[in-house]
Every structure is written in C-alpha cells, then in structure tokens.
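Working notes, structure below.
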Amino acid sequence: MGFPRHQSALVLASLITVASFVAATAYTQNRLVTLDALSSTIETNAAPSVEYLGRGGVGLRRLRQLLYDGLALSDGHSLVLQTARSQLAALEQDVGNYLRLTPLPGEGELWDELRADLRHATDIARSILQAEEARDTSTANVLLRSEAEGAFDRADRTILAALEFDVSESQQLAREVRALRRATLDTIILLDGLATAVAASAAFIAYRASRRHDRLLNEHSALLAARVTELDQFSGRVAHDILSPLSTVAVGLALVGRTADSHVRVHIERAQGALLRVRELVDGLLAFAQSSATPGSGARCTLNSVVANIAADYAEAARAAHIDLIVEPGAPVEIACSVGVFSSVAQNLLGNAIKYMGDAPVRQVIVRAKATGQIVRLTVEDTGPGIDAELQERMFEPFVRGGHDTAGGIGLGLATVKRLVEAHGGTVGVKSRVGSGTLFWVELPVASISIQSDSESNSQSA
Ligand SMILES: Nc1ncnc2c1ncn2[C@@H]1O[C@H](COP(=O)(O)OP(=O)(O)OP(=O)(O)O)[C@@H](O)[C@H]1O
Ligand SMILES: [Mg+2]
C-alpha cells in the first residue's frame, strides 16, 4: 500500500530520524562493550597478576632470609625454619595462583622461564629444610651457600620481569580505556549532532511537504467553491430562462386540450403532468440558486409522492432499456426541502442508474425511501457495471465524468445532488463494486410525519 506524497515524506522523515538515533545508540553500545572488556581484563587479570607476583617476590626474599637466619642461629632455629616452611608454601601458592590466570598477549613466553626458575629455587629451599630436619647442618650450609644464591637470584629476576610486564600491561590497558572513553564521547557528541541535524532536516522536509499538501488542498477547495458558485449562477440563469418558454408550452397544451378528443387528451394530460414536474424542478432550483444555496424556510415536500412521480417519469425509459424498475413503499413523511429540490436529487440518481446500466446481464433498479427517526433515507440501487474506486472519490465534484462513449452528460448531476443535499443538512454517499452494481444513498432531515398515508407510495415494476 502506497502513502500519499506528503505522508510519505513524513513517514520517511520519521524513519530517518529513528534510524539515525538507533545507529548512534548501537555505536555507543558497541564501544561500551569494548570498554567493559578492557576494564574487566584490568580487574580480573592484570591487577591480580601484579598482586600475586608482588607478594611472590617479597615471599622469595623473605624465604631466603629465613633460611640464612635459621642456619645461623643455634638457639630457636627450629622456629625460624618452621616459618621458612610456611613461607615456602605461601610462595608456591601465590605463584601457582598467578599461573592459573589467563596469560595476557606476550606473557606466555615468560611463564616457562618463571616456572623453571621458581621450581629450581623452591627445590633447593626444600632440600635445605630436609637436610636441617635430618640434622645435616653441613649439607644444608653447603646447599645454601653454593646453589641457593644463584637459584634465588634467578627466580627473583624472573618474578620481577613478570611483575614489570604486568604493571606495564595494566598501565597500557588503563591508557586504552581512557583513550577509548574520550574517543567514544567525542563520537557520541558528533553522532548526536548529526542525528539532530538529520531529524531537523527531515522535519523541515515533512513540514514543507505538508505545507504543499495544505496549499494544494486549499487551491482545490477554492476551485471547487468557484465551480459551485458558477453552478449556482448557471442553474439560476437556466432555471430563469426555462420558466417563460415553459409557461408558453403550458398555455398551448391547455388550449389544445380543450378541443382534443379523449384519446389525445390522455396524452396531453400526461404531458401536462410532466410539465408540472419540470416546473416544480425548475422552481426548486431557481429558489435554491436565489437563496444563495440555502434552503428556503418552510420548504416541504412529501417523500412518497415525489418518489412515485419521478419513478413514473422514468418508467418509459426503464422499459425501453429492459430494466426492471422497482419502487419500494416508503414512510408517510415530509422532508424539509422543496419538491423541486428533492425531485432533482431523486431524478439525478435514478436517471444515472438507468443511463449507466450498459449491457449488464441482470437489469434491475430498486428505489427505496425509508424514514428512521428524524432521518429520511433514499437509496437507488442498480445492477449496472459499478464504479471504480478512483472515480468514486471524485464523481461528486462538478464536471467529473466516467469515460463514456455513448451516455451523454456534462458531469453536473452528482455535484448538484451533493450540493442540494448538504445545503439541506443531509448527507450523500455511495457503495459500489465494479461488476456488481451501485447503491447511492441520500439522508435528509424529516420535516413532519404526514397526517394521511401517501397513496402514491406503492410497489411498481416497469
Ligand atoms: N449508477 C451509476 N452507475 C455507474 N456509473 C455511474 C452511476 N452514476 C454515476 N456514474 C458515473 O459518475 C459520473 C458522474 O455522474 P454525474 O451524474 O455527476 O454526471 P453525468 O451523468 O456524467 O452527467 P450529467 O448528470 O450532468 O448529465 C458519470 O459520468 C458516471 O461515470
Ligand atoms: Mg448524471
């Protein structure tokens, strides 16, 4: 389903605005995830590494000192050596914890060396402690002075190297966090600015499109109003110009009727009846045009009699076109408009139903006039070709017609119906399906309920 142009601009503008804010948020989210990962590496890896290695380095030195002190003392050396044993266990625990962490990039190479050097130093420390336990002080002293020195120095150096590595990695990570945070903040400000600019441009485009649409609507309404005014003037002039020749025809018919035989008189009376309705119609239109398109106060007509008369007028045309014309009995009510105006409405709708029947296989027109509460509803339903949606939208405007090769007309019928009905406080509408037929309806306010039921309202078939 497509949108009208001004609505498309609005929808597009909203979509662009939403998309730009979504993009800005997605970018921010992505940067935050990276920031989280960096912070988490510092918190769960680099910082604990520094802590374990720092404690390990201190522990190694303390162990060395305890071994020296333990062997040098003659009194209380067993207590010192006991402390050295605990220190050895704590050292192995700290370095073990460190080695269980995930290695940072480049850190793995340091670990082999650290493992080997530390094992060497702790093995010597353990051998010294075992010699002491076996009261072999001379072996313990030899080990301490010949091998322990170098092994402890090497282990000390590798722990220090790993520590320096982790400290520098922590600093590097912290720098990255800071730089990323600053860059993200700058980009967010830029993206927000861009999104706001896009939203402002989109709003401006939508505003222009809707202004243009409003202007076109106003122009269209002005054009319609001008056409309707023309129509009023036109109908006023035509009505006025028709009235005088009509009087001449009426007088002529009356004169001929006086001397005519009974057979001819039947035709003359029928012609006089038709003439009367033309006169009523013209009178109504004239009154309507002269009252600046507002209904005259106190205008009244009887629903059923007007409908029956119009149906009688069209009976011959319907028969000639092989159309079954059915009029369903209506309510005995009066409508608040003149006979001429209501005749014009009914006649236009019925005339169209017959005129546009074309070669439809089922040929039927049903006219219904019903009163519900204070509303009269006149419907004219046909089994003709139907009206496509595009024409349905515009056909109540003056001079709009369907593409017809044979059916004549100027496209004023429905415009007149709408104008008359709305000017009398009513509404008009249509339901149609191409290929199935059309139903036009008109609703007008009831003026009063007739005292006597209208005898002319009966079902008839042409
Ligand atoms: N009952 C109908 N079935 C099919 N098409 C219809 C029907 N009534 C109206 N139309 C279409 O709507 C158009 C407008 O109708 P409208 O009565 O305003 O003008 P018109 O009949 O063409 O000319 P005019 O009524 O001025 O002689 C018609 O040209 C026709 O295409
Ligand atoms: Mg018409």
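The values are calculated or read from the model by the stated rules, or taken from the named source; none is laboratory data. This is a predicted model, so every value here is computed, not measured. Note that we place each Cβ from the backbone using ideal geometry, even for glycine, and neighbour counts take in every protein chain shown. Quick note on the areas: whole protein, heavy atoms, side chains included, nothing else; ligands and nucleic acids left out. Shrake-Rupley method; radii C 1.70, N 1.55, O 1.52, S 1.80 Å.
In the range 292-317, the residues that are assigned by TED's automatic domain parsing to the domain that holds Ser448 and small (Gly, Ala, Ser) reach residues that are modelled with pLDDT of 90 or more and open to solvent by 50 Å² or more (accessible area, probe 1.4 Å) with C-beta atoms within less than 9 angstrom, at least six apart or across chains, in these pairs: Ala317/Lys355. The residues of the range 344-380 that are touching a helix residue (DSSP H, G or I) at 6+ places or on another chain (Cβ under 8 Å), open to solvent by 10 Å² or more (accessible area, probe 1.4 Å) and either assigned to a helix (DSSP H, G or I) or not assigned by TED's automatic domain parsing to the domain that holds Leu303 (or both), listed by number, are Gln347, Asn348, Gly351, Asn352, Ile354.
Considering the range 429-444, and only residues there that are away from ligand 1 (no atom under 11 Å from the Cβ) and touching a residue at least 60 places away in the same chain (Cβ under 8 Å), the residue that is surrounded by the most Cβ atoms within 10 Å (Cβ to Cβ) turns out to be Leu444. Residues that are within 16 Å of ligand 2 (Cβ to nearest atom) and touching a strand residue (DSSP E or B) at 6+ places or on another chain (Cβ under 8 Å) within the range 348-377 comprise Leu349, Leu350, Asn352, Ala353, Ile354, Tyr356, Met357, Val365, Val367, listed in sequence order.
Looking at the range 388-408, can you tell me whether even one residue there is over 42 Å from the mean Cα position of the chain (by Cα) and hydrophobic (A, V, I, L, M, F, W, C)? The answer is yes, given that some residue of the range 388-408 is over 42 Å from the mean Cα position of the chain (by Cα) and hydrophobic (A, V, I, L, M, F, W, C). Of all the numbered requirements in (1) near ligand 1 (Cβ under 10 Å from one of its atoms); (2) closer than 15 Å to Leu325 by Cβ, Gly402 misses one, and that requirement is (2). Return the residues of the range 374-392 that are without any contact (Cβ under 8 Å) to a residue 60 or more places away in the chain and out of contact with any Phe, Trp or Tyr (no Cβ under 6 Å at 6 or more places or on another chain); say none if nothing qualifies. Correct list: Glu381, Asp382, Thr383, Pro385, Gly386, Ile387, Asp388, Ala389, Glu390, Leu391, Gln392.
Results for (1) more than 21 Å from Leu163 (Cα to Cα); (2) within 60 Å of the chain's Cα centre (by Cα); (3) aliphatic (A, V, I, L, M), shown as yes or no for each residue.
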{"position": "Asn30", "(1), (2), (3)": "yes, yes, no"}
{"position": "Val33", "(1), (2), (3)": "yes, yes, yes"}
{"position": "Glu43", "(1), (2), (3)": "no, yes, no"}
{"position": "Ser49", "(1), (2), (3)": "no, yes, no"}
{"position": "Tyr52", "(1), (2), (3)": "no, yes, no"}
{"position": "Arg62", "(1), (2), (3)": "no, no, no"}
{"position": "Gly70", "(1), (2), (3)": "yes, no, no"}
{"position": "Gln82", "(1), (2), (3)": "yes, no, no"}
{"position": "Ala89", "(1), (2), (3)": "no, no, yes"}
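When the range 405-421 is limited to residues that are β-branched (Val, Ile, Thr) and more than 6 Å from ligand 1 (Cβ to nearest atom), the one that is modelled with the lowest pLDDT turns out to be Thr406. In the set Asp153, Asp166, only one residue is free of Cβ contacts under 8 Å to residues at least 40 places away in the same chain, assigned by TED's automatic domain parsing to the domain that holds Ser39 and among the acidic types (Asp, Glu); that residue is Asp153.
Is there a residue being open to solvent by less than 50 Å² (accessible area, probe 1.4 Å) and under 30 Å from Leu173 (Cα atoms) anywhere in the range 77-93? Checked the range 77-93: at least one residue is open to solvent by less than 50 Å² (accessible area, probe 1.4 Å) and under 30 Å from Leu173 (Cα atoms). Looking at Ala331, Ala320, just one residue is farther than 20 Å from Gly426 by Cα, open to solvent by 10 Å² or more (accessible area, probe 1.4 Å), more than 15 Å from ligand 2 (Cβ to nearest atom) and assigned by TED's automatic domain parsing to the domain that holds Val367, and that residue is Ala320.
Selection within the range 409-420: residues that are within 22 Å of Ala321 (Cα to Cα), in a loop (DSSP other than H, G, I, E, B) and near ligand 2 (Cβ under 8 Å from one of its atoms). The member of this set that is farthest from the chain's Cα centre (by Cα) is Gly409.
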